[in-house]
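Novice: Structure provided below as structure tokens; questions to follow.
The values are calculated or read from the model by the stated rules, or taken from the named source; none is laboratory data. Values in this document were obtained by computation on a predicted structure and should not be read as measured data. Cβ placement follows ideal geometry from the backbone for every residue including glycine, while neighbour counts extend to all protein chains displayed. When the accessible area is computed, the model is the full protein with side chains, heavy atoms only, and any ligands, DNA or RNA have been set aside. Shrake-Rupley method; radii C 1.70, N 1.55, O 1.52, S 1.80 Å.
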Amino acid sequence: MHFPKVFISYAWDSDNFNALVRGLAERLRNNGVESIIDQWAVHPGDQLPLFMEQSIRESDFTLVICTPKYKSKSDSRIGGVGYEGDIITAEITTGIERRKFIPVLMSENWKCSAPSWLLGSSYIDLYSKDNFESNFAKLVATINGTLSVPPPISFGDSKSKSNDIPDPATALQLVLASLGSGKSLYPIAVDPKKVGHYGRNASSGGGFFYDDVLEYRVWGHPHAGAPGITNGDDYLCAFPTFEAAYEFSLEKGFEEPLVLVRQLEWINEPSPGKYVHMKTERITEWCVECLKDHKRKPWSIPNFIKEKAGGSI
């Protein structure tokens, strides 16, 4: 499974600030993003210029952590921040998509924190405590390429159900309201706030047991009649419950729902009749029906392998 790689460019400051940057990197990793910071990657004897060049050029995105100290060093081309500014501006000048470099405000004032080459750019504010969660979710969606897109232009009814693709939070509220005191046929997503932020790529099926349901997904195919909201490309709609995904899948051009699950432990079958207990976490897509009676319990895998000839734990 491919995890987007993100380099974090920032100016060292107080211990508290450096810890905030490290905390941001850790939280990104917990949301499926391979974040890179010098606090983890640079060891005594490493060449800093080579680390900075490779990190910026080989990453999918670079987060530019905007603070007054970062602005001062970048504008004056001082130290590592100044060198990174040279690399970034050179990348942009040679045709690299500017959206690769995401400004992140981690200070009170944008104009006093943004280097001159970023002024006028749209940025994500992670300084405001009131809006931190929603803005962090927007950052993850930007990295995963799952930001909302406008509906197609048409002369039809703008309220047509086939063009109404709810965001995960709205879908959750609608579904919970419709369920009332009843129960869903299948488990509700373990963290509804993260629905829609896991990215498109996942391994397909297998493993026999699951630990968590992450989301229910419905693939839309414009060539088969789904709304063309992504310039004709296939796209993914995510929901926190099976019921919401199933109802949406009934529209023309959409597939039957799949479920994205997390497996903390699972069974590999490298050859027919050979079962191996794997203890590495992974995320994979299943058919929804496979959820029945396959929630992992402490004894599930040992008992399963014990019953199969040639199994190894």
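Novice: Within segment 258-271, count every residue that is open to solvent by less than 60 Å² (accessible area, probe 1.4 Å) and either more than 30 Å from K308 (Cβ to Cβ) or over 22 Å from the mean Cα position of the chain (by Cα) (or both).
Specialist: Of the residues in segment 258-271, 4 are open to solvent by less than 60 Å² (accessible area, probe 1.4 Å) and either more than 30 Å from K308 (Cβ to Cβ) or over 22 Å from the mean Cα position of the chain (by Cα) (or both).
Novice: Restricting attention to segment 274-294, does a residue exist that is part of a loop (DSSP other than H, G, I, E, B), open to solvent by less than 50 Å² (accessible area, probe 1.4 Å) and under 30 Å from K138 (Cβ atoms)?
Specialist: No: segment 274-294 contains no residue that is part of a loop (DSSP other than H, G, I, E, B), open to solvent by less than 50 Å² (accessible area, probe 1.4 Å) and under 30 Å from K138 (Cβ atoms).
Novice: Open to solvent by less than 70 Å² (accessible area, probe 1.4 Å) and over 17 Å from the mean Cα position of the chain (by Cα), is that true of L118?
Specialist: yes
Novice: What's the number of the condition Y216 fails, among (1) outside any strand (DSSP E or B); (2) among the hydroxyl-bearing types (S, T, Y); (3) under 19 Å from K295 (Cβ atoms)?
Specialist: Of everything listed in (1) outside any strand (DSSP E or B); (2) among the hydroxyl-bearing types (S, T, Y); (3) under 19 Å from K295 (Cβ atoms), Y216 misses just condition (1).
Residues are listed down the side, and each one gets a yes or a no for (1) open to solvent by 30 Å² or more (accessible area, probe 1.4 Å); (2) modelled with pLDDT of 85 or more; (3) of a type in the set (D, E, K, R):
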| residue | (1), (2), (3) |
| --- | --- |
| S107 | no, yes, no |
| N131 | yes, yes, no |
| G156 | yes, no, no |
| D164 | yes, no, yes |
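This table checks each residue for (1) farther than 22 Å from I56 by Cβ; (2) in a loop (DSSP other than H, G, I, E, B); (3) touching a helix residue (DSSP H, G or I) at 6+ places or on another chain (Cβ under 6 Å).
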residue	(1), (2), (3)
S72	no, no, no
R99	no, no, no
K111	yes, yes, no
Y127	yes, yes, no
N135	yes, no, no
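Novice: Taking the criterion of being under 30 Å from R282 (Cα atoms) and either open to solvent by less than 50 Å² (accessible area, probe 1.4 Å) or at pLDDT below 95 (or both), would at least one residue in segment 82-100 satisfy it? Break it down stepwise before answering.
Specialist: Filtering segment 82-100 for residues under 30 Å from R282 (Cα atoms) gives 99-100.
Okay, now just the ones that are also either open to solvent by less than 50 Å² (accessible area, probe 1.4 Å) or at pLDDT below 95 (or both), so 99-100.
Yes, segment 82-100 contains at least one residue that is under 30 Å from R282 (Cα atoms) and either open to solvent by less than 50 Å² (accessible area, probe 1.4 Å) or at pLDDT below 95 (or both).
Novice: When segment 256-305 is examined, which residues are found to be in contact with a Gly (Cβ under 8 Å, 6 or more places away or on another chain) and acidic (D, E)?
Specialist: The answer is E269, E285.
Novice: Look through segment 199-246, keep the residues that are among the acidic types (D, E) and surrounded by 19 or more Cβ atoms within 10 Å (Cβ to Cβ), and return whichever of them is nearest to the chain's Cα centre (by Cα).
Specialist: Among those residues, the one meeting the criterion is E215.
Novice: From (1) more than 24 Å from D13 (Cβ to Cβ); (2) in a loop (DSSP other than H, G, I, E, B); (3) touching a Leu at 6+ places or on another chain (Cβ under 7 Å), pick out the condition that doesn't hold for A141.
Specialist: If we test A141 against (1) more than 24 Å from D13 (Cβ to Cβ); (2) in a loop (DSSP other than H, G, I, E, B); (3) touching a Leu at 6+ places or on another chain (Cβ under 7 Å), just (2) comes out false.
Novice: Moving on. Can you pull out every residue in segment 209-242 that is more than 13 Å from E255 (Cβ to Cβ) and acidic (D, E)?
Specialist: Within segment 209-242, D211, D212, E215, D233 qualify.
Novice: Another one. In segment 1-26, what residues are open to solvent by less than 80 Å² (accessible area, probe 1.4 Å), out of contact with any Ser or Thr (no Cβ under 7 Å at 6 or more places or on another chain) and under 30 Å from G205 (Cα atoms)?
Specialist: P4
Novice: How many of the residues making up segment 51-75 are open to solvent by 60 Å² or more (accessible area, probe 1.4 Å) and out of contact with any Cys (no Cβ under 8 Å at 6 or more places or on another chain)?
Specialist: From segment 51-75, those open to solvent by 60 Å² or more (accessible area, probe 1.4 Å) are 54, 57-58, 60, 68-69, 72-73, 75; that's our starting set.
Within this subset, residues satisfying the condition of being out of contact with any Cys (no Cβ under 8 Å at 6 or more places or on another chain) are 54, 57-58, 60, 69, 72-73, 75.
Adding up the residues that qualify gives 8.
Novice: Need pairs with beta-carbon distance below 7 Å; first residue among the charged types (D, E, K, R) and within segment 29-48, second part of a loop (DSSP other than H, G, I, E, B); sequence gap 6+ or separate chains.
Specialist: Matching pairs, first to second residue: E34/F3; E34/P4.
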